Every structure is written in structure tokens, then in C-alpha cells.
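Student: Let me begin by handing over the structure; questions about it come next.
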Amino acid sequence: MAEKLKFVLEYEIRSSPKILYSFISEPNGLAQWFSDDVRVRDHVYNFIWDDGEEQKAKLLSFKENKLVKFHWVDDEPYTYFELEIVKDELTNDVALLVTDFALEENLKDRQLIWNIQIEGLLSVIGA
């Protein structure tokens, strides 16, 4: 089986870390940009899309107003996706770092999907 490659994308977000954190960690926030509906039970997030597709991700770790880290339940055991909020102490600029994994042949598509998702996030936040 081919090994997935880790990649990191950085997006400038015009938002406070506290507001941004609610959009990356809470079911209602995630349902506004990541999927159409989100249900949580025992740290397992069920992401539901309007086309009927569902994916479950286990919350591996979180730091309030800083990051959330998930593992897709049906994916390879050592992969995850992480959303980390980084604030520059000098400029107060806020960025969202997305860490994910993809097969080499799917890397560009996966990055494009994140770009589209983050556009939706920016639209919802009004950034």
C-alpha cells in the first residue's frame, strides 16, 4: 500500500483565535463550512454532507483557542488532520495551519479541497 504524504497549508484568517476556534471545534461551527451537519458522541464527530456521504472522525486532541486534531475512523492508523490557530505576537495576525495526509497522486486534489473549504470558512466568518 502506498504511503500517504503529510502536508501543511497556511491561511491568513481575519478573526480572533476564540471565534475561529469555535468554527473549527464545535459541531455548529463546523456545520457552517466543513460539512452540512455534524453530530458528536463520545469524542467521535460524524460529518454529514447533503449528498448522503458520512465520515466519522475521532477527536484525538485539542487545546482551547489553539488547535483540534482528528483521525478519520476509516483511514490509515497513523494519519490525522489538524487545524491549528497561530497568532503572530508582533503583528497580531492570525493564521490557520491545516495539516493533512494524501497519496502523492491525490495531493493536489486534497490541497484544492482544503482551499475550497477554507474559502467557505472565510465567507462564514466574514474575513
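The values are calculated or read from the model by the stated rules, or taken from the named source; none is laboratory data. Model, not experiment: these values are computed from the prediction. Every residue, glycine as well, gets a Cβ built from its backbone with ideal geometry; the counts of neighbours run over all protein chains shown.
Student: Which members of region 20-47 meet the condition of being closer than 14 Å to GLU119 by Cα, polar (S, T, N, Q) and surrounded by fewer than 19 Cβ atoms within 10 Å (Cβ to Cβ)?
Tutor: GLN32
Student: Is it true that LEU60 is within 19 Å of GLY120 (Cα to Cα), touching a strand residue (DSSP E or B) at 6+ places or on another chain (Cβ under 8 Å) and either β-branched (Val, Ile, Thr) or at pLDDT 95 or above (or both)?
Tutor: Numbers: within 19 Å of GLY120 (Cα to Cα): no; touching a strand residue (DSSP E or B) at 6+ places or on another chain (Cβ under 8 Å): yes; either β-branched (Val, Ile, Thr) or at pLDDT 95 or above (or both): yes.
The answer is no for LEU60.
Student: Still on this structure, please answer the following. Quick one: what pairs do we get from region 59-73, first residue under 14 Å from GLU26 (Cα atoms), second part of a strand (DSSP E or B) and among the hydroxyl-bearing types (Ser, Thr, Tyr), C-beta under 8 Å, 6+ apart or different chains?
Tutor: LEU59/TYR45; LEU67/SER61; VAL68/SER61; LYS69/SER61; PHE70/TYR45
Student: From the set of residues in region 41-53 that are modelled with pLDDT of 95 or more and touching an Asp or Glu at 6+ places or on another chain (Cβ under 9 Å), which is farthest from GLY120 (Cα to Cα)?
Tutor: Restricting to residues being modelled with pLDDT of 95 or more and touching an Asp or Glu at 6+ places or on another chain (Cβ under 9 Å), the top hit is ASN46.
Student: Okay, next question. I need the full set of residues from region 52-84 which are aromatic (Phe, Trp, Tyr) and part of a loop (DSSP other than H, G, I, E, B), in order please.
Tutor: Our first condition is that a residue be aromatic (Phe, Trp, Tyr); within region 52-84, this holds for 62, 70, 72, 78, 80-81.
Those that are aromatic (Phe, Trp, Tyr) and part of a loop (DSSP other than H, G, I, E, B): TYR78, TYR80.
Student: Determine which member of the set TYR11, TYR80 is surrounded by 14 or more Cβ atoms within 10 Å (Cβ to Cβ), within 19 Å of SER123 (Cβ to Cβ) and within 16 Å of the chain's Cα centre (by Cα).
Tutor: Working: TYR80 fails: within 19 Å of SER123 (Cβ to Cβ).
Step by step, each of TYR11, TYR80 is checked, and only TYR11 is surrounded by 14 or more Cβ atoms within 10 Å (Cβ to Cβ), within 19 Å of SER123 (Cβ to Cβ) and within 16 Å of the chain's Cα centre (by Cα).
Student: Right, here's the next one. Cβ-Cβ below 6 Å, separation at least six or inter-chain, first residue in region 96-112 and crowded, with 18+ Cβ neighbours inside 10 Å, second modelled with pLDDT under 95 and of a type in the set (S, T, N, Q): which pairs?
Tutor: Pairs found: PHE101/THR79.
Student: Right, next: Name every residue in region 20-51 that is out of contact with any Phe, Trp or Tyr (no Cβ under 6 Å at 6 or more places or on another chain) and assigned to a loop (DSSP other than H, G, I, E, B), in order of residue number.
Tutor: Once the filter is applied, which keeps residues that are out of contact with any Phe, Trp or Tyr (no Cβ under 6 Å at 6 or more places or on another chain) and assigned to a loop (DSSP other than H, G, I, E, B), region 20-51 yields GLU26, ALA31, GLN32, TRP33, PHE34, ASP42, HIS43, TRP49, ASP50, ASP51.
Student: Give region 88-127 a look and list any residue that's part of a helix (DSSP H, G or I) and within 15 Å of PRO17 (Cβ to Cβ), or say none. Give the steps one after another, and end with the answer.
Tutor: Just the residues of region 88-127 that are part of a helix (DSSP H, G or I), to begin with: 104-125.
Hits for region 88-127 are LEU121, ILE125.
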